[in-house]
Amino acid sequence: MDTDTRKRRKHPCSSVAHPLPWPKEDRTSVFAQYTLLVEDREALQAKLKDAGIPTAVHYPIPLNEQPAYAHLCCPDCTPVARNIARQVMSLPMHADLTEAEQTRIATMLYHEVELLSPA
């Protein structure tokens, strides 16, 4: 196992008041990305950006709507995939992410999701 993989597995964000999900005991992950499903992605991304926390959208277009596959399926055939593509967002995830940075990201995320949630 390489050093980066060990580092990514070492920091599970368990020190925050509301820890982020972590793989079950019988599973592992190298955490190449940490992707969330959020209701109002653009608003949350803007808030995190203002706080200096970068985000990414790795899969903004469902597979069946990408040019190489579009001829195989109609765009309206996969409404769940389309909705998920509009809601996914990845948080920073790399081997050199410190525990303090993880805590800051998790705390900010928790706070902002709580603020953006409908009452």
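Phi-derived couplings, Karplus 6.51 cos²θ - 1.76 cosθ + 1.60 at θ = phi - 60°, listed residue by residue for region 36-43: 10, 10, 10, 5, 10, 4, 4, 5 Hz, with x used for Gly and Pro.
Here the 3J(HN,Hα) profile of region 44-57, calculated from phi with Karplus coefficients 6.51, -1.76 and 1.60 at θ = phi - 60°, is 5, 4, 5, 5, 5, 4, 4, 8, x, 10, x, 10, 8, 10 Hz, Gly and Pro shown as x.
In order along region 89-101, the Karplus-derived 3J(HN,Hα) couplings, from 6.51 cos²θ - 1.76 cosθ + 1.60 at θ = phi - 60°, round to 7, 9, 8, x, 7, 7, 4, 9, 6, 6, 5, 5, 5 Hz, and Gly and Pro are given as x.
The Cα atoms of region 51-119 give a gyration tensor whose axes a ≥ b ≥ c have a/c of 1.5 or more with a/b no greater than b/c, which makes the shape oblate. Summing Lys and Arg as +1 and Asp and Glu as -1 over all other residues whose Cβ lies under 15 Å from the Cβ of ARG104 gives a net charge of -3.
Computed from label points 7 Å out along Cα-Cβ, the spacing between TYR59 and LEU37 is 1.1 nm. Under 5 Å from the amide H of LEU36 lie the amide H atoms of MET89, SER90, LEU91, each residue being 5 or more positions distant or on a separate chain, with H modelled from the backbone and absent for Pro and chain starts.
Peptide packing: for 28-39, 66-77, the average count of neighbouring Cβ atoms within 10 Å per residue gives the ranking 28-39, 66-77, highest mean first.
Length available on full extension from ARG82 to ALA95: 0.36 nm per residue minus the Cα-Cα distance, which gives 1.6 nm.
Using only side-chain charges placed at the Cβ, +1 for Lys and Arg and -1 for Asp and Glu, the dipole size of region 55-111 relative to its Cα centre rounds to 180 debye.
Bear in mind these aren't lab numbers, they're just calculated from the coordinates by the rules spelled out. None of the values given here were measured: they were computed from a predicted structure. Glycine gets a Cβ as well: all are built from the backbone with ideal geometry, and neighbour counts include every protein chain shown.
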